[in-house]
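Read the structure below first, then the notes.
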Amino acid sequence: MSALDQFRAETRAWLEANCPASMRTPMPEDERVWGGRNARFSNPDSKLWLARMVERGWTVPGWPKAYGGGGLSRDELQVLKEEMNRLGCRSPLFSFGISMLGPVLLKYGTEEQKQEHLPRIARGEIRWCQGYSEPGAGSDLAALATRAEDQGDHYLVNGQKIWTSYANYADWIFCLVRTDTSTKQAGISFLLFDMRSEGVETRPITLISGASVFCETFLTNVRVPKGNLVGRLNGGWEIAKELLQHERGMISDIGKSIGGIVPDVDVVAKKYLGDADGRISDPVLRDAVARHVMDDRAFGLTMRRAAQESEAGTANGGVSSMFKLFGTEQNKRKFELILKCAGTDALGWEGAPFSEEALTLCRTWLRSKGNSIEGGTSEIQLNVIAKRVLGLPD
């Protein structure tokens, strides 16, 4: 037996012994675990599941063990993912710290910053939000105007952010600020600060889905210690771009993460349309579902190949935009197809006669409309692909 086969056998045995039965089912939205100072566990098993995965370093299995990770190789990571999927294990922790901030801290953070923040991210102790977009700086992010003025031992931050996801629940924020007004991209820095700091105010924005995952965030004379600057002064744009690649990768893969909340398309189709001998009864929708599943599989394999190319240093710099563009459009197609299969059962807003699953389908379908806007619109991704991948002129 090879070392990887041995790892697979041990991983399978550990997951079967330690993943609670209720953590092997599709996850209702309100059972998602975001961690943080005020972490909420509506299902007690989710707290137990998180603790066990933290102990093993598997909330961030690819991070170094010194920062709370599992230290797994790329092949071991793939095995862990396959075994969790095989058993239907839920993700133990949803975290912008894991998916966005952590990777850039590993690259650009000082050792002191890594030791302070990474283990707490791995343990789910601090919930992070992203302070990027502003009312006048969304698609043109480099036009941001939030200022950070040098006050000797600290920066004084003033400005407004918008579309800050879950800012009203976040403990800390990773924030882009302008530290030089004489230039555009080269005048931006990357700061971290506590959302409990005096001068921070958040206001939720209600969406079409009825949820309020986004906020307006107002920053008025917020004092930020200089030790919270990541990378060099005015060097934040490089970090911002790299973080966006991780964000776009996360968003492009959003259909799979939502899969823990909403059943797969083929499952929904069989449930609402019926099946005969394991085949979806409606031949037209059966064909559409088959095409969607094949596209999903091809997309997943392409992302795996790109990850390998990235590790080998041969990746194309525009690949995250390609994934973001296709992945988010694919996710929207998924929910349109789900609605076709479920029909009016998936158009409920609240109460009887709609089931919880039907209500979730409707609200998640509406939420999916934002996927091609958040993290850079599809139009922005097309511009990036045109310039960085195809080499077309501005």
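The values are calculated or read from the model by the stated rules, or taken from the named source; none is laboratory data. Remember, predicted model here, so these are calculated numbers, not experimental data. No Cβ is skipped: glycine too gets one built from the backbone with ideal geometry, and neighbour counts run over all protein chains shown. Quick note on the areas: whole protein, heavy atoms, side chains included, nothing else; ligands and nucleic acids left out. Shrake-Rupley method; radii C 1.70, N 1.55, O 1.52, S 1.80 Å.
General remarks:
- DSSP bridge orientation in the chain - percent antiparallel, rounded to nearest 5: 85
- One Cα centroid belongs to the range 154-216, the other to the range 358-377; the line between them spans 22 Å.
- Approximate spin-label separation residue 390-residue 38, in nm, with each point projected 7 Å along Cα-to-Cβ: 4.7
- Within the chain, longest stretch clear of exposed GluC sites (Glu not before Pro) (DSSP loop, no more than 14 other Cβ within 10 Å): 1-197
- On Cα atoms only, tilt of 356-368 relative to the major axis of the chain in degrees: 50
- Each Cα pair under 8 Å and six or more residues apart adds its separation to the average, and for the range 1-147 the resulting relative contact order is 26 percent.
- Point-charge dipole on Cβ atoms (K/R +1, D/E -1) for the chain, about Cα centre, debye to 20: 200
- Listed residues 370, 274, 36, most fluctuating in the chain (Gaussian network, C-alpha, under 10 Å): 274
- Portion, in percent, of the accessible area of the chain that falls on carbon or sulfur, probe 1.4 Å: 51
- Summary value for the range 57-212: 16 percent relative contact order, contacts being C-alpha pairs under 8 angstrom separated by 6+ residues.
- Taking other residues whose beta carbon is less than 14 angstrom from the beta carbon of residue 213, and scoring Lys, Arg as +1 and Asp, Glu as -1, yields +2.
- Residue pairs exceeding 30 angstrom between C-alpha atoms, taken from 65/184; 47/241; 226/387; 114/369; 114/184; 114/387: 65/184; 47/241; 226/387; 114/369; 114/387.
- Each Cα pair under 8 Å and six or more residues apart adds its separation to the average, and for the chain the resulting relative contact order is 13 percent.
- Cα-based convex hull volume of the range 259-394 per residue, rounded to whole Å³: 129
- Annotation: per residue accessible area for the chain equals 48 Å², rounded to a whole number [probe 1.4 Å, protein chains only].
- Debye intensity ratio I(q)/I(0), log10, the chain, q values 0.12, 0.13, 0.15 Å⁻¹ (C-alpha model): -1.05, -1.23, -1.59
- In the range 175-253, trypsin sites (Lys or Arg not before Pro) in a DSSP loop with at most 11 other beta-carbon atoms within 10 Å: 196
- Reference-scaled alpha-carbon Rg (2.2 N^0.38 Å with N residues) for the range 104-203: 1.09
- Fluctuation leader among 93, 141, 176 - the chain, Gaussian network, Cα springs under 10 angstrom: 141
- Within-11-Å neighbourhood charge of residue 133 [Cβ basis; K, R +1; D, E -1]: -3
- Size of the range 20-142: Rg and Dmax of its alpha carbons, in Å, are 15.7, 48.
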